[in-house]
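Novice: Once you've had a glance at the structure underneath, I'll fire off some questions.
The values are calculated or read from the model by the stated rules, or taken from the named source; none is laboratory data. As the structure is a computational prediction, the values presented were derived from the model and not from experiment. Counting neighbours? That spans all protein chains shown, and the Cβs are built from the backbone with ideal geometry, glycine included.
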Amino acid sequence: MLKTQELQINIGPQHPSTHGVFRLVVTVDGETIVDLKPVFGYLHRNHEQLAEVSTYIQMMPFTDRLDYFNSMANNFGLAIAVEKLAGIEVPQRANYIRVLMAELTRILNHAAAVAFMINDMGAWQTPLAFGMREREKILDLFEMASGARMMCNYFRFGGIVRDLPPDFMPLLNDLMKALPTFFDETERLLRENEILLLRSEGVGILPKEVAASYSVTGPVLRASGVPYDVRKAEPYSVYNELDFDVPIGSVGDIYDRFLVRIEEMRQSYRIVQQVIERLPDTTGGHINPAMASIGKQKALKPPVGDVYGRVETPKGELGFYIVSDGSARPYRYKVRAPSFINLTPIGDMCRGHKVADVVVILGSIDIVLGEVDR
Amino acid sequence: MNILIMVIFVVLAAFTLAAGVMVVTVKNIIHAALWLIASFFSVAAMYLLMEAEFIAIVQVLVYVGAISILVLFAIMLTRHVTGEGVRQLYKRWWIALIVAAALFGVLIVPTVFNYEWAVQPSGAQISIASTVEIGTAFMREYLLPFEVASVLLLVALIGAIVIAFEERSTRRRVLTLAEEVEQRRQRNESLRLAPTTHASETSE
Amino acid sequence: MTVEFDRGKAYVVDRGQPKLRAGQGMIAGLDVVIRHFFSAFTKKLETPDETSGVFTVQYPEERLAMPEAFRNFPILLFDDTTGQELCTSCFQCERICPPQVIHMTQAVDPTTGKPVPAVAEFMIEYDACMSCGLCAEVCPFDAIKMDHDFELATDDRAGMTVRKADLDRPVSYYETIAPTRWAEVKDGAYKKLQGNIKRRSGSIGLSPRAATAPKKAAPAAAKPAAGVAKPVAVKTAMPMAAPGKNMSEEKLARLLSIRAANVAKAGGAAPAEAEEVLATADTDDVAEAPAAVAAARPVSSGGIPFSADNLLGGVPANTTMAEDKVERLKSIRSGNLARRG
Amino acid sequence: MLQFLENIFGPSWIVSLIAFLISTTVILIVTPVTFMMMTWFERRIVARMQDRLGPNRVGPAGLLQAVADGVKMFTKENITPRAADKWVHLIAPLVATGPVIFLFAVIPWGYGLSPVDINVSVLFVIAVSSISAVGLMMGGWGSNNKFALLGAMRAVAQMVSYEIPAVIALLSMVLFTGTMNLNKYTELQGGLPILGNTLKDVIPDLGLGWFVFTPIGLVGFMIFFICILSEGERTPFDIPEADSEIVAGYMTEYSGMKFAVFYMGQFLFNYALSMVASIIFLGGWNFPGIPQLISIAPPIGALASAVVLGAKAWFLFFVMIWLRGAFPRLRMDQLMAFAWKFLLPLALINILSAALWLTIMLWCTGDCTQNPWVFTVGGINPLGWLGNSPVLRQLVGFVLTAIINAGAFFWLLNVNRRPAGETPADLARDQAFGTASLP
């Protein structure tokens, strides 16, 4: 009878839809994927080793470069971890501003992540242009507060660099008027689209047991039906004072991931609303007075010990494990990068599907190679 | 017949023959298939020269558009023949030549000697095989051959489907993750999956 | 079944009802797109509360207003009236810089041979700078600030290592791009500057820009609001580097020598011994060695404010720096040892 | 006229040679310009759909952008991969694009503006357009690149599969009209919507009897348009050059002018088929006022007809851009399933509808005794009650075929739904949620 031979195709390292320098070694039987092996490390930048030779505050700008879409969330993670280690209190106002920034980051990341996934599916940039439009507005706000659009370097141990500038709130309020329209429009544009349904329903299913055993986190895990969110599981900052729900999926396929991301944007919107309401009444300054000068930040010497600080970034649980030997530099520093861990089940997720599904599944995981390779 | 048509005819005929020769002499089998397409195409042009538009177009549609694609597909999907340097001429090529010439003679001789060539009176316009004529002929005189041919094609089509199904049933089916988990659930097996892929980092 | 949390719950997203799909979803999508198509002809998206209309900013003609906080690359400030630089070469920025692209040498009083609170040479590798702004944040004298000028594209890599002459900007320039920020620190900065000027003598601490071309600096300072500031650095820095390969090679050689020196110091060599420096450089990196040798050879001081002597020789400021590095190195080594053990 | 030309230029074959040379030149000038306009048009339109401006720097409103692109393409390095089959790689773009330009030889650009008027032009279009598949195959194979070969395979498989419903859709129209000559389609689509030319004597010719207003024409148009999208590799069927999967498909290894020629072939193919669709389904150059203009002042009328036909073709191209702006793309197996499980049966049913319509229109009309269309059932003419009124027959035919086609459409949609047990809802049930607890 007819025999088909398995063929190995390298998708990447230079390929338009690997979201960076990343290689997928795909073994196909016809068009069906038999095996898929992700190869990464092309963007390795010694992040963890750098930390061991830098002071704590020097690491803050480097965390921006982990997941360059969500620098605020990464800053948050490092700040939380070091504060836990050194026992630094954060004023209430600083906490609310931190949460505001983290949730805006979530909105901008998901707006782009959904759009990039649709792009991988073959749309000609339209959802991306709409997503980028909203993202630009949020980045304008970031720029106003921190001075940079993407590499914000906004958080300091014990607070944030600077309080919000006076013209920040009016612009944020304007943005809040636009976002619901954007969410509705995105859903109307894509949610019921038959082609999207065909491409995403039942494709790349990650059953929740498997997801849990791969220790996947973030929207990918929640889309598989596990209601796990660090903000709820171990509330940090002021998340326990805010009302929000955790959207989860029922099937765990690409479509669920898409829907969960859109719902998460809506929940983040809710949080931002609450933060805006409460921000004028918050107490404390933008930073703990004991840590207010950069000299203090620089000379920070946490007591001997180790700590694992984690936050829920838009991609999943970002954890910083830091061992301090009492000096100004961490003795050991380890990043639990959500993109990296979410990427590990891609081989299993793609098995049995078609070649064209690989890029969509990859897009639905939403990785940033800066974080995967560190 | 005026000069222009004569010139075109000679050019086309030469090209057809040359392409035919190339088909059997060129070493790369894909190139041979491409030359075959070229000769089909020039035959179609020849029909056009005879003002048999319909036949010319059908020639293009069937031979260039369909058959040649089929040939190309067949060659490309078969391994180890696409390489260059496949010998087309073997030691006893002259035997093949004799056989081919004999067969060709058997076909051509009766046609040449038995057919009454109608010499066209100059100026008379006759249409060779118009659409209507061909349609009528198919439905009247040649109904039986026409139907037999279509049944044959149908049988071929069904046969292809059968082969494809058989091939599909023997092919190793790759289970998706969801299906595998479902199976294990039904068999009450452990859901721990054996790692099938190993993410490997490139060495620095 | 849902999971309840403190202040919230987990809910399953609605996947929609299975129904006969005859292209309704696609038509809805087409509708969204065509609405945007028509609105893009009539509207321009200007405020963030809109979601339709053209949002393109046609860059060279139209520019977004840059917020005061915007930070691109660091610059050095000098006082408009006196031409004195605010920098005292306290090495704070050099130490905090995460990618370690800031290098400086402290000025030495030529008569007494003692260091003065002024900077002899200051160098920032713009090509490796990551614009984190920590240097500006840490500077106790408000001498280093983040510029708003971002149009620095160039094909000259060596030219991206910018020296003091091209880093200097008058205070008035910074005032135009960040008025409130400057207002916050203005008094303190001037007070410290007055104190420092007293300890400087002669032309030490005078900005090369103010000294050579105060007329040129003034228009640069008078540049209007943030967004439209002319790319001063490009205009002045690039031609300086451009005239020939020699210039940039020289710069590169100097940079390499500094690096080699740093490597050598980190390697535990006594900073005063140039020979040892060279030896270490030799073993460490063959490629860098010739450059280091070239730099270490006494350079005729013809117009170059940067001599090998004060680069490698026994300048007290460097000694302190080296001590710091030795200390850091020790800690790293002990850390490594501890880990291995 | 011809005699006059013969007097000047000599024997008739020289005259025809000159005439053909002129029309060839015109086509070879007009088509690349059309292509350039199309690239500009697409980029500008899709930019507006995305709230952007699109290219607007080169020339007024960016109109010369295509020229700038052309200059760039010409000056780019022409790379031939070392492992490529040099000649096949070189000739492939020509083989892919040449036939597309052939198409313009038989497609009328307006009233009386047909370069060559052959009797079987519909068939010509189908036949010649299938040649470019050979070019794509050559390009994909000759590049010696896995992605290129994969793209070529996909392209050819897609072209061959979608040719079948396209041909059947056109065949239903051929059956409907009884002609394969593109020049004759326009006259047949005058008059009023649905009723066509039947009330010509009562109401002046409005030129609106487009076939797209009849159920057969509508279904045929839908099928044909989808097939154009697929054969012209437009979204959502741009699988052969799916940039996110196989880089650029068969064009991966092409650069400079060779790439541009491929690109031109693709765009012109879209345009040519849009013209064919406009002629066959959208009434050709019919529009209120055009028939009168043609009869009053033929030269002006011809010009106006060309404008109208062009507008229709450009509108179809606009719809393609619109779709491209809104949709992701299908997967290969879904694409094939769509062609074979949905379009093909629908096209076949549409042919049956066309036959039914023809029967209703022709059954025992006029003098019942001479018409070959007289078959009585048990001595009674089953359609006798319709009488000779074409209006009544047309209306009856309209209703009947509308019912058949709509029924077939929804039936096929229903058949093609996912079988029970495989829908995501079922999957959701299997994946009962809530067992995993929070750590």
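Novice: Filter region D:177-211 down to residues that are surrounded by 22 or more Cβ atoms within 10 Å (Cβ to Cβ) and touching a Leu at 6+ places or on another chain (Cβ under 7 Å) and give me whichever is modelled with the lowest pLDDT.
Specialist: So, considering only residues that are surrounded by 22 or more Cβ atoms within 10 Å (Cβ to Cβ) and touching a Leu at 6+ places or on another chain (Cβ under 7 Å), the one modelled with the lowest pLDDT is D:Gly191.
Novice: Residues of region D:60-96 being outside any helix (DSSP H, G or I), more than 20 Å from B:Asn28 (Cα to Cα) and out of contact with any Ser or Thr (no Cβ under 9 Å at 6 or more places or on another chain), which ones?
Specialist: D:Leu63, D:Leu64
Novice: Please count how many residues of region D:92-116 are surrounded by fewer than 22 Cβ atoms within 10 Å (Cβ to Cβ) and either touching a Cys at 6+ places or on another chain (Cβ under 7 Å) or within 11 Å of another protein chain (Cβ to nearest Cβ) (or both).
Specialist: Number satisfying all stated conditions: 3.
Novice: If you take the residues of region C:28-74 that are of a type in the set (A, V, I, L, M) and under 30 Å from C:Ala136 (Cβ atoms), which of them is nearest to the chain's Cα centre (by Cα)?
Specialist: Here the residue is C:Ala69.
Novice: Going by the conditions given, is D:Asn119 more than 7 Å from every other protein chain (Cβ to nearest Cβ), in a loop (DSSP other than H, G, I, E, B), of a type outside the set (Val, Ile, Thr) and in contact with a helix residue (DSSP H, G or I) (Cβ under 9 Å, 6 or more places away or on another chain)?
Specialist: Taking the combined requirement at face value, the residue does not satisfy it.
Novice: Could you list, in sequence order, all residues of region D:1-29 that are surrounded by fewer than 13 Cβ atoms within 10 Å (Cβ to Cβ) and either more than 14 Å from chain B (Cβ to nearest Cβ) or modelled with pLDDT of 85 or more (or both)?
Specialist: Those that are surrounded by fewer than 13 Cβ atoms within 10 Å (Cβ to Cβ) and either more than 14 Å from chain B (Cβ to nearest Cβ) or modelled with pLDDT of 85 or more (or both): D:Met1, D:Leu2, D:Gln3, D:Phe4, D:Asn7, D:Ile8, D:Leu21, D:Ile22, D:Thr25, D:Leu28, D:Ile29.
Novice: Could I ask something else about it? So which pairs qualify, if the first residue must be in region B:146-162 and not assigned by TED's automatic domain parsing to the domain that holds B:Gly135, the second must be exposed (fewer than 10 other Cβ atoms within 10 Å of the Cβ) and among the charged types (D, E, K, R), the Cβ gap must be under 7 Å, and the two must be at least 6 apart or on different chains?
Specialist: none
Novice: Moving on to the next point. Which number in (1) more than 8 Å from every other protein chain (Cβ to nearest Cβ); (2) surrounded by fewer than 24 Cβ atoms within 10 Å (Cβ to Cβ); (3) under 21 Å from the mean Cα position of the chain (by Cα) marks the one condition that A:Tyr42 misses?
Specialist: The single condition A:Tyr42 does not satisfy is (1).
Novice: Identify all residues within region A:135-168 that are more than 20 Å from the chain's Cα centre (by Cα), part of a loop (DSSP other than H, G, I, E, B) and of a type in the set (Gly, Ala, Ser); write none if there are none.
Specialist: A:Gly147, A:Gly158
Novice: Please verify whether region D:162-173 includes one or more residues that are among the acidic types (Asp, Glu) and more than 12 Å from chain B (Cβ to nearest Cβ).
Specialist: no
Novice: Condition test on A:Ser54, is it within 20 Å of the chain's Cα centre (by Cα) and not charged (D, E, K, R)?
Specialist: no
Novice: Residues that are out of contact with any Phe, Trp or Tyr (no Cβ under 9 Å at 6 or more places or on another chain): which strands (runs of 3 or more DSSP E) entirely in region C:96-194 hold 3 or more of them?
Specialist: So the answer is C:115-125.
Novice: Among the residues of region A:298-343, write down those that are within 26 Å of the chain's Cα centre (by Cα) and part of a helix (DSSP H, G or I).
Specialist: A:Pro338, A:Ser339, A:Phe340, A:Ile341, A:Asn342, A:Leu343
Novice: The conditions are (1) within 14 Å of chain A (Cβ to nearest Cβ); (2) over 27 Å from C:Arg181 (Cα atoms); (3) modelled with pLDDT of 85 or more, and C:Phe38 fails exactly one of them. Which is it?
Specialist: Condition (1) is where C:Phe38 drops out.
Novice: Here's a follow-up. Out of all the residues in region D:376-385, is one or more surrounded by 14 or more Cβ atoms within 10 Å (Cβ to Cβ), modelled with pLDDT under 85 and not small (Gly, Ala, Ser)?
Specialist: Checking region D:376-385: at least one residue is surrounded by 14 or more Cβ atoms within 10 Å (Cβ to Cβ), modelled with pLDDT under 85 and not small (Gly, Ala, Ser).
Novice: Test D:Ser230 against the stated conditions and say whether it is small (Gly, Ala, Ser) and in contact with a Lys or Arg (Cβ under 8 Å, 6 or more places away or on another chain).
Specialist: Judged against the criteria, D:Ser230 is not a match.
Novice: Could you tell me whether A:Ala112 is more than 8 Å from every other protein chain (Cβ to nearest Cβ), among the aliphatic types (A, V, I, L, M) and assigned to a helix (DSSP H, G or I)?
Specialist: Here the answer is yes, as A:Ala112 does meet what is asked.
Novice: Can I ask one more? May I ask you to verify whether D:Ala105 is within 30 Å of D:Asn145 (Cβ to Cβ) and either in a helix (DSSP H, G or I) or in the same structural domain as D:Phe269 (by TED's automatic domain parsing) (or both)?
Specialist: no
Novice: Looking only at residues in region D:76-91 that are farther than 11 Å from D:Asn144 by Cα and touching a residue at least 60 places away in the same chain (Cβ under 8 Å), which one is surrounded by the fewest Cβ atoms within 10 Å (Cβ to Cβ)?
Specialist: Among those residues, the one meeting the criterion is D:Glu77.
Novice: Being buried (at least 20 other Cβ atoms within 10 Å of the Cβ) and either closer than 26 Å to A:Gln58 by Cα or among the hydrophobic types (A, V, I, L, M, F, W, C) (or both) is the filter here, so list the residues in region C:74-93 that pass it.
Specialist: C:Pro74, C:Ile75, C:Leu76, C:Leu77, C:Phe78, C:Leu86, C:Cys87, C:Thr88, C:Ser89, C:Gln92, C:Cys93
Novice: Which residues, taken from region D:229-255, are more than 14 Å from chain A (Cβ to nearest Cβ) and crowded, with 24+ Cβ neighbours inside 10 Å?
Specialist: D:Glu231, D:Gly232, D:Tyr250, D:Tyr254
Novice: Where residues in region A:215-252 are within 17 Å of the chain's Cα centre (by Cα) and of a type in the set (D, E, K, R), which of them is nearest to A:Glu89 (Cα to Cα)?
Specialist: For region A:215-252, the residue satisfying everything is A:Arg231.
Novice: Failed condition for D:Ala47, given (1) in contact with a Gly (Cβ under 6 Å, 6 or more places away or on another chain); (2) in the same structural domain as D:Met320 (by TED's automatic domain parsing); (3) under 27 Å from D:Cys227 (Cα atoms), with all others met?
Specialist: All conditions are met except number (2).
Novice: Please enumerate the residues belonging to region C:46-65 that are facing chain A (nearest Cβ under 8 Å) and buried (at least 21 other Cβ atoms within 10 Å of the Cβ).
Specialist: Within region C:46-65, C:Pro48, C:Thr51, C:Phe55 meet the criteria.
Novice: What are the residues in region A:310-359 that are away from chain B (no Cβ under 14 Å) and of a type in the set (Val, Ile, Thr), if any?
Specialist: Scanning region A:310-359 gives A:Val311, A:Thr313, A:Ile322, A:Val323, A:Val335, A:Val359.
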